[in-house]
Amino acid sequence: MSRANPILSATDLEVSFGDLKPVDGVSLALRKGETLGLVGESGCGKSMTALALMNLLPNPGTVSAGEILFEGENIVAWPEQQRRNLRGNRIAMIFQDPSAAFNPVFTIGDQIAEALTAHDRMFGHEAWSEAIRLLGEVGISEPEKRAAAYPHEFSGGMLQRAMTAMALACEPDVLIADEPTTALDVTVQAQILELLEQLQERHGMAMLFISHNLAVVSQIADRIAVMYAGKIVEMGETQRVLAQPCHPYTSALINTVPKPSFKGRLPTIEGTVPPLHAFGAGCRFAGRCPLADQHCTEQEPALRKLDNRQSFACFKELSA
């Protein structure tokens, strides 16, 4: 597959829980070797988008509309067994809470080895040896000893590395990293980001990096998709979006990022993300937007292209 063609994409993706839609018409594309950052506040639908891509939506959630294409095939239509073979093998995920991702009664090495045996990659002693090698690859010292340890014997940063090792066990083509640096101190956070970049370069995989922290995403992403209340409101090349945001929500997020020389109270975005049952007919950011007028509350803006490098969903013409 050419790098120009997406290896994983979603078109008009809709996730429903009955009448509620935490993901509503999301389209994004991920190419081999690139990192797409998906950013937005908590409750904007980022994790639900990731779980939909992995076919791991909690009940009664369903993909109610749209397509998810992997190497050009719509995997939404695949039977569960076929999607299970894909999950953890060709597409892997680093979950938000590493402590919840491991079974406390099995060793770290056993759980990484299980990822290999589940997809018939290798078995027995060979799988155990590969688990040790993977722990070493993600920077865990004394991997032979650590492989025999249990999850409660690992620090948060070590668990995050171990989960990364498990995700990489089958050398996936796509890695989805959902808030992989949350609750880690700044030093460990920087180490995890550096590790992900190194592993991506080494394995040539595509990565969807999900975070509420725009400063973190700016360090690792080639492109950024800004999500608000279930919709993509801006998308484009990282440096272009950060330098010239076109959507008021993107601009507000950028303003909340601490500057090295800043002193005093950090700016905030007034209000909160509306609950799923309270989405109005117009722009979902209108209630918090300083530029909103009656038109914004009555009609929903469509995502439109500024040029080939950036698109946004807003009626206003911001400086671009």
- Note on the structure: By the Cα gyration tensor axes a ≥ b ≥ c (a/c under 1.5 gives rounded; else a/b larger than b/c gives prolate, otherwise oblate), the shape of region 126-218 is oblate
- Cα gyration tensor shape for region 172-215, rounded if a/c is under 1.5, else prolate or oblate: oblate
- Given LYS231/LYS316; LYS21/LYS305; LYS46/LYS263, the pairs whose alpha carbons are separated by over 22 Å: LYS21/LYS305; LYS46/LYS263
- Query: Does region 216-320 come out rounded, prolate or oblate, given a ≥ b ≥ c as the square roots of the eigenvalues of its C-alpha gyration tensor, rounded meaning a/c under 1.5 and, failing that, prolate meaning a/b above b/c?
  - Reply: oblate
- Note on the structure: Expressed in nanometres to one decimal, the distance between label points 7 Å along Cα→Cβ at GLU71 and LYS259 is 4.8
- Item | q = 0.13, 0.14 Å⁻¹, the chain: log10 I(q)/I(0) [Debye, one scatterer per Cα] | -0.98, -1.12
- Which stretch or stretches of region 11-31 have amide N atoms under 13 Å from the point lying 7 Å from GLU237's Cα along the Cα→Cβ direction? none
- Task: Return a whole-number percent for the relative contact order of region 66-216, with Cα pairs under 8 Å and 6 or more residues apart as the contact set.
- Result: 27
- Taking the Cβ of each residue in VAL241, VAL26, VAL257, VAL105 as the centre, tally the other Cβ atoms inside 10 Å and list the residues starting with the fewest. VAL105, VAL257, VAL26, VAL241
- Note on the structure: Expected sort for LYS316, LYS263 with the fewest Cβ neighbours (10 Å cutoff) up front is LYS263, LYS316
- Query: Alpha carbon centre of region 16-83 versus region 206-267: separation in Å?
  - Reply: 21
- Item | Approximate spin-label separation LEU266-LYS305, in nm, with each point projected 7 Å along Cα-to-Cβ | 3.6
- CD proxy, 222 nm, the chain: helix-only mean residue ellipticity via -39,500 (n - 2.57) per DSSP H run with n ≥ 4, per residue, nearest 500, stands at -9500 deg cm²/dmol
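All of the numbers you see were taken from the coordinates with simple rules; none came from a lab. What you see is a predicted model, and the numbers here were worked out from it, not measured in a lab. Because the Cβ atoms are built from the backbone with ideal geometry, glycine has one as well, and the counts that use them run over all protein chains shown.
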